[in-house]
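Asker: Structure below; questions to follow.
The values are calculated or read from the model by the stated rules, or taken from the named source; none is laboratory data. Since we're looking at a predicted model, the values are computed, not measured. Here the Cβ is made from the backbone with ideal geometry for all residues, glycine too, and neighbour counts use every protein chain on show. What goes into the accessible areas is simple: the full protein's heavy atoms, side chains included, and nothing from ligands, DNA or RNA. Shrake-Rupley method; radii C 1.70, N 1.55, O 1.52, S 1.80 Å.
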Amino acid sequence: MCGIVGAVGHDRCGPVLLDALKRLEYRGYDSSGIVTLHEGQIDLRRAVGKLVNLETALADQALPGSIGIGHTRWATHGGVSEDNAHPHVASDRVSIVHNGIIENHRTIRARLESAGHKFASDTDSEVLAHLFVEAFDAGLDAVAATQKILAEIEGAYAFAAMATDYPEQLIVARNASPLAVGIGEGACYIGSDAIALAHLTRKVIYLKDHDFALISADHVAVYQADGTPANREAVIVAASPGMVDKGGYRHFMEKEIYEQPDAIAHSLAAMTDADGQLTATMSTEDLRAITGIVMLAAGTSHYATQIARYWIETLAKVPVVCEVASEYRYRHPVTSAYSTALAISQSGESLDTLMAMRHAASSGLHTIGLVNVPGSTIARETDFVLPTRAGPEIGVASTKAFTAQLTVLLSFAVALAKAKGSIDAERAAQIHQQIQSLPGLVGRALTLFDPIRPIAHALSQARSALYLGRGTLYPLALEGALKLKELSYIHAEGFASGEMKHGPIALIEEGLPVVALLAADEVMAKASSNLREAAARGGQIILITEERAVHEVDFADAVITVPNVDSLLAPILLAVPAQILAYLTAVEKGTDVDQPRNLAKSVTVE
Ligand code: AGP
């Protein structure tokens with residue numbers, strides 16, 4: 001998703017903004033730009049492609065000035081071009097950067113063009129720069145101008161404006177898209193997240209929706225949409241510069257696959273109370289009050305919810321429904337059977353999930369946020385927070401956050417079941433012990449890179465692939481297919497093994513790769529016969545399973561085995577070889593593993 005940065009009061013503003021943009025690269029982008037203001041002059045540099053192209057443009061001629069804004073763009077309205085790259089400038093007087101979508105931009109643009117404004121791009125965002133020119137021309141000051149503009153625009157936004165009328169102030173505003181204000185020594189900064197600013201300051205103010213602020217080198221004045229001053233406390237954020245480098249690995253994704261034992265251990269620790277019992281960071285009475293759960297998430301996080309449904313219903317006997325966040329509020333759901341909405345989001349900023357959570361809250365449900373970014377919007381808006389402690393996940397394809405989510409969700413299911421009395425303390429302790437063995441088991445699964453490499457080489461030649469799983473391994477099949485397609489661009493589809501005979505088996509042809517996820521659980525025999533049907537029609541079976549189940553599928557063409565594991569934990573452990581297979585296939589294909597084409601780490605548009 002787009003990333004915005006800004007600085008005021010720093011004498012090396014250009015290089016500081018470029019460095020901050022580099023820390024937002026993980027969000028995914030296709031063009032970038034920086035603008036500064038010096039002695040009444042706006043100086044703009046933009047480039048298509050990677051940040052190195054912008055760096056080259058800046059090296060040729062440095063940007064003067066101690067105030068500026070910068071942007072990495074992930075195209076939504078208007079193609080990828082230098083004209084459509086941010087920052088946008090209107091009348092050589094106001095420049096802006098924006099993350100989000102101004103949904104009524106066409107109406108606004110038509111009005112402004114009929115009043116003589118000349119637009120230089122096809123973007124929705126450019127209207128913001130012209131609206132500020134229009135307001136300043138009408139004699140409004142910065143506060144009144146911003147108030148008027150926020151009253152007119154509709155949609156999600158985090159934007160920063162810089163104007164020759166206010167040469168020592170940045171004007172920022174947010175609604176639904178994240179924005180952090182960093183308080184430095186004699187300088188202030190803004191960023192789409194705190195990671196962009198962590199090397200400059202860890203003292204951060206998070207604006208709330210509809211807030212706007214005037215930021216100078218030594219002062220931040222925050223206002224609510226109606227212009228009344230708002231008191232937003234600064235917090236010290238955990239992100240630190242050292243947490244966002246590759247640590248010697250080839251890709252962030254490779255590093256994050258290897259970090260999973262720690263991510264699981266730290267997340268488990270966050271779900272363990274002082275007595276060493278699994279807890280859900282909620283009181284027993286709050287847990288007992290849960291009568292039904294609506295799970296809201298997108299992408300990989302959605303597949304985590306589908307796995308958690310098996311655990312929660314089996315252990316706690318609480319009904320669960322898993323909703324695709326972007327569909328939820330538009331189907332006008334009946335919520336009377338549920339008491340609680342659980343929003344799962346690595347970034348804590350996915351707008352689909354945030355808006356679904358808000359809809360559930362407005363329907364009277366209690367809300368729980370399961371996020372990996374403390375201080376993220378979902379974390380700040382839900383009634384309770386279940387924390388994954390995976391550390392910053394930079395690779396666009398989620399890995400350690402996924403297994404950390406599953407660890408927290410299984411722990412939550414056990415704590416809920418215990419509070420509900422549907423399992424006793426002994427069973428809870430037994431499962432807890434199993435979860436405690438996970439970091440070690442995952443550590444052993446990390447030795448699979450070499451055995452998987454030749455399988456990935458063969459898979460990289462395929463035009464498409466199927467992923468099959470049954471029980472809790474069915475959602476893992478969906479996740480495995482997502483990993484392969486988002487990283488290697490090979491089309492892949494996940495199916496419940498039992499569904500094959502209802503149509504998808506028509507896809508089977510000689511040599512078609514079928515990645516089969518299998519565990520020694522109650523559906524192993526049925527899953528195995530589904531695989532036999534696929535093999536009999538020429539499917540090339542790539543079996544991912546635990547040691548004790550290998551014999552079940554003696555017809556597999558390739559076998560990847562992990563250590564034996566309790567079937568409750570199978571989807572967590574088997575996720576690791578599925579991630580490695582997708583990663584190595586993408587490396588074989590030579591795709592941009594950490595920032596796959598068209599993708600963003602945090603999708604903050606609907
Ligand atoms: C995961 O590999 C994908 N990049 C994507 O599906 C992601 O899981 C989804 O966009 C949800 O993101 P979130 O967990 O930050 O809300």
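Asker: Pull up the DSSP beta bridges for the chain and report the antiparallel fraction as a percent, rounded to 5.
Answerer: Here the antiparallel bridges make up roughly 60 percent for the chain.
Asker: Same structure, new question: Please give the FRET efficiency for residue 555 paired with residue 39, using the beta carbon to beta carbon distance and R0 = 45 Å, rounded to the nearest 0.05.
Answerer: So, using R0 = 45 Å, E works out to roughly 0.05.
Asker: Moving on. Just to confirm, what accessible area per residue do you get for the range 473-530 at 1.4 Å probe, in whole Å²?
Answerer: Normalised by residue count, the accessible surface of the range 473-530 is 37 Å².
Asker: Provide the net charge surrounding residue 500, with neighbours chosen by a C-beta distance below 15 Å and charges set as Lys +1, Arg +1, Asp -1, Glu -1.
Answerer: Here the count lands on +1.
Asker: If I stretch the segment between residue 522 and residue 269 completely, what's the gain in nm (0.36 nm per residue apart, minus their alpha carbon distance), one decimal?
Answerer: 88.1 nm
Asker: A further question on this structure: Please report the net charge: other residues with Cβ closer than 12 Å to the Cβ of residue 357, K and R +1, D and E -1.
Answerer: Local net charge: -2.
Asker: Taking a probe of 1.4 angstrom, what is the accessible area of residue 188 in Å², to the nearest 10?
Answerer: So the heavy atoms of residue 188 present about 0 Å² to solvent.
Asker: Here's another thing I want to ask about it. For residue 541, enumerate residues with amide H under 5 Å from its amide H, sequence gap 5+ or separate chain, H modeled in the peptide plane.
Answerer: 514, 557, 558
Asker: Here's something else I'd like to know. Full-extension gain between residue 464 and residue 335, please, as 0.36 nm times their residue separation minus the C-alpha to C-alpha distance.
Answerer: Full-extension gain reported as 42.6 nm.
Asker: Less than 15 Å from a label point 7 Å out along the Cα-to-Cβ axis of residue 82: which backbone N atoms in the range 56-70 qualify, by residue?
Answerer: Only 56-61 pass the distance filter.
Asker: Take each of the peptides 326-333, 458-465, 348-355, average the number of other beta-carbon atoms within 10 Å over its residues, and list them starting from the highest.
Answerer: Packing order, densest peptide first, comes out as 348-355, 458-465, 326-333.
Asker: With every protein chain left in place, what is the accessible area per residue of the range 366-416 in square angstrom, probe 1.4 Å? Walk me through the numbers before you get to the answer.
Answerer: Details: 980 Å² over 51 residues.
On a per-residue basis, the range 366-416 sits at 19 Å².
Asker: On to the next question. Can you tell me how much longer the chain between residue 110 and residue 233 gets when fully stretched, taken as 0.36 nm per residue apart minus their C-alpha distance, in nm with one decimal? Intermediate results must be reported in sequence, preceding the final value.
Answerer: On the way: separation 123, 0.36 × 123 = 44.28 nm, distance 3.96 nm.
Gain on extension, residue 110 to residue 233, equals 40.3 nm.
Asker: For the Cα atoms of the chain, what angle does the longest principal axis make with the long axis of helix 524-536, in degrees from 0 to 90, nearest 10?
Answerer: Between the helix axis and the principal axis of the chain, the angle is about 80 degrees.
Asker: Place a point 7 Å from Cα of residue 489 in the direction of its Cβ. Which residues in the range 590-606 have their backbone N less than 19 Å from it?
Answerer: 590-601
Asker: Can you give the helix-only mean residue ellipticity at 222 nm for the chain, where every DSSP H stretch with n ≥ 4 adds -39500 (n - 2.57) and the sum goes over all residues, rounded to the nearest 500 deg cm²/dmol?
Answerer: Computed mean residue ellipticity for the chain: -10500 deg cm²/dmol.
Asker: Which whole-Hz ³J(HN,Hα) couplings does the range 10-25 yield from phi under the Karplus relation 6.51 cos²θ - 1.76 cosθ + 1.60, θ = phi - 60°, glycine and proline marked x?
Answerer: Rounded to whole hertz, the list is 10, 6, 10, 4, x, x, 5, 5, 5, 5, 5, 5, 4, 7, 9, 4.
Asker: Go through 22/601; 22/148; 485/601; 22/203 and tell me which ones have a Cα-Cα distance over 24 Å in this structure.
Answerer: Check vs 24 Å cut-off fails for 22/148.
Asker: Ok, one more. Can you tell me which aspartates and glutamates have their Cα less than 17 Å from the Cα of residue 208? Leave out same-chain residues fewer than eight positions away.
Answerer: 154, 193, 226, 233, 349, 381, 383
Asker: May I ask you to give the solvent-accessible area per residue for the range 205-339, in square angstrom, as obtained with a 1.4 angstrom probe? Before the final figure, lay out each step's value.
Answerer: Details: 6240 Å² over 135 residues.
Result: 46 Å² per residue.
Asker: Spelling out what I want: for every residue of the range 467-472, take phi, set θ = phi - 60°, compute 6.51 cos²θ - 1.76 cosθ + 1.60 (Karplus), and round to whole Hz; glycine and proline get x.
Answerer: Rounded to whole hertz, the list is 10, 10, x, 10, x, 5.
Asker: Roll a 1.4 angstrom probe over the protein heavy atoms and tell me the percent of accessible area of the chain that is carbon or sulfur.
Answerer: Accessible surface attributable to carbon and sulfur in the chain totals 49 percent.
Asker: Also, I was wondering about something else. Residue by residue through the range 423-428, which ³J(HN,Hα) values in whole Hz follow from phi under the Karplus form 6.51 cos²θ - 1.76 cosθ + 1.60 (θ = phi - 60°), with glycine and proline marked x?
Answerer: With the stated coefficients, the range 423-428 comes to 10, 8, 4, 5, 5, 4 Hz.
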